[in-house]
Amino acid sequence: MEQQQQLQRSSSGSPSPRSQSSQPYLSVSVTEPVKLGIGVQAYISYRVITKTNLPEYQGHEKIVIRRYSDFVWLRDRLFHKFKGVFIPPLPEKSAVEKFRFSAEFIETRRQGLDIFVNRIASHQELQSTEDLRNFLQADEETMERLRSQETGIFKTKPADLMQFFKDAQSKVSDIVLGKEKPVEESNLEYEKLKHYIFELENHLAEVQNHAYRLVKRHRELGQSLSDFSKAVKLLGACEGDALGKAFSELGTKSEALSVKLQKEAHLLLMNFEEPLKDYVRAVQSIKATIAERANVFRHQCELAETMKLKEINLDKLMLTRSYKMGEAEHEYKELKAENEEATRGFETIVRLMSEEIVRFQEQKTLDMGIAFHEFAKGQARLANSIADAWRSLLPKLEACSTQ
């Protein structure tokens, strides 16, 4: 698992300070999850360790304590400030309260948070933001104050924000499926992008679902072998020497295989299912960006239409030499400035999304290659262990069957 995390961190583009000490670097580690508080007030805190030689940071190493809501704060800020940029997704909250503090859930979330913040730290548009610097350097009191100062859309609760993303995903899905016909930009490449993202989400979600079933199957088989081991050992205890020893060894091998299966199930979860789940969330984040682009385009079109009406009204006022001419001209100039700003904003989103989709596809190819390689390697390792274990028992069992 440590090797997988190192591969994922290197694939995020964050250089190692030891390997590139002469080059600019920003490396972040999310470590040591600790449960604090009791009852409904309980939460998990993390040590976030930043190592960098960038001049805008306070020293070469900084350690701060952060909780999940701090990561949510960072993502919300970036999402609403950087239109057109694919903001990395956060690992999800546990839907089941009793699993919220399980060791496995805490570790999968820690790994997800580590990947999340390193993707931001390695992103050309995001790594130099004040919000990231505050997140990585501010003390806990300052961080709490920053969160409490949020107003408007930044004040959105995590549950409300998730609903916002779901609504955005539903909206863009309706557009892709043709259920809704809003004002849309006529752009063949953009249409291809929307269809690609929609299809990618479906296929990734299906593969992730089967990965979940594989993890479950490994665990169930491991538990079955554990139960079988106990039963066959008891059977061996009441048999004669040769058969009893064979059964006893069969039970021991079954127990060892049970442990291997449980271990492999955990590795499969961390190195295969979780990366797939992370990419499903990443695609959903892209869909939210697509929905935001559609909103900006729609607003730009509405401004352009309003400008046309204002122009017609100005022409009428000029013909009648109305006293309202001055006020109308002022309104038209303001509207024109707003339209030009909206046009620039939309063009920026288009440019950023074009760059982002290339970066996303390159990163996806690398990350999926790692995940599927780990999957195949783990399955081969497990198959060899199972085959070796059963093969070693064949001579003794065969001797018992031929007596």
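The values are calculated or read from the model by the stated rules, or taken from the named source; none is laboratory data. This structure is a prediction, so every number in the text was calculated from the model and none was measured. Here the Cβ positions follow ideal geometry from the backbone for every residue, glycine too, while neighbour counts run over all protein chains shown. Just the protein is used for accessible areas: all its heavy atoms, side chains included, with ligands, DNA and RNA removed. Shrake-Rupley method; radii C 1.70, N 1.55, O 1.52, S 1.80 Å.
List of remarks:
- Within the straight-line cut-off of under 21 Å between alpha carbons, the lysines reachable from Lys93 are Lys35, Lys155, Lys157, Lys166, Lys216, Lys277, Lys287, sequence neighbours fewer than 8 places apart in one chain being disregarded.
- Across the stretch 212-368, the relative contact order, built from alpha-carbon pairs under 8 Å that are at least six residues apart, equals 21 percent.
- Spacing of the modelled spin labels on Tyr212 and Asp315, each 7 Å from Cα toward Cβ, amounts to 5.9 nm.
- Cross-link partners of Lys396 among aspartates and glutamates (Cα-Cα below 19 Å; sequence separation of 8 or more within a chain): Glu239, Asp241, Glu249, Glu255, Asp388
- With Cα atoms as the point set, the stretch 287-403 shows a radius of gyration and Dmax of 34.4, 118 Å.
- Subtracting the Cα-Cα distance of Lys192 and Ala380 from 0.36 nm times their residue separation leaves 63.9 nm of extension gain.
- Sites Ser128 and Cys238, calculated FRET efficiency, Cβ-Cβ separation with R0 41 Å, nearest 0.05: 0.05
- By average C-beta atoms within 10 angstrom, highest first, the peptides 138-148, 287-297, 341-351: 287-297, 341-351, 138-148
- Note on Lys310: aspartates and glutamates with a C-alpha under 13 Å away, same-chain residues under 8 apart excluded, are Glu302, Glu327, Glu329, Glu331, Glu334.
- Whole-angstrom gap from the stretch 328-362 to the stretch 40-85, using each part's C-alpha centre: 29 Å
- The stretch 239-301 and the stretch 104-132: distance between their alpha carbon centers, rounded to Å: 21 Å
- In nm, spacing of pseudo-spin labels at Phe372 and Met325 (7 Å Cα→C-beta vector): 7.0 nm
- Summing Lys and Arg as +1 and Asp and Glu as -1 over all other residues whose Cβ lies under 10 Å from the Cβ of Glu249 gives a net charge of +4.
- Global geometry of the stretch 231-311, whether rounded, prolate or oblate, following the gyration tensor of its Cα atoms and the 1.5 cut on a/c: prolate
- Note on Lys364 and Ser69: the extension gain reaches 103.5 nm, defined as 0.36 nm multiplied by sequence separation minus the Cα-Cα distance.
- Efficiency of FRET between Glu340 and Phe105 - r from beta-carbon atoms, R0 51 angstrom, step 0.05: 0.55
- Solvent accessible area, Å² - Glu61, 1.4 Å probe, full protein context: 100 Å²
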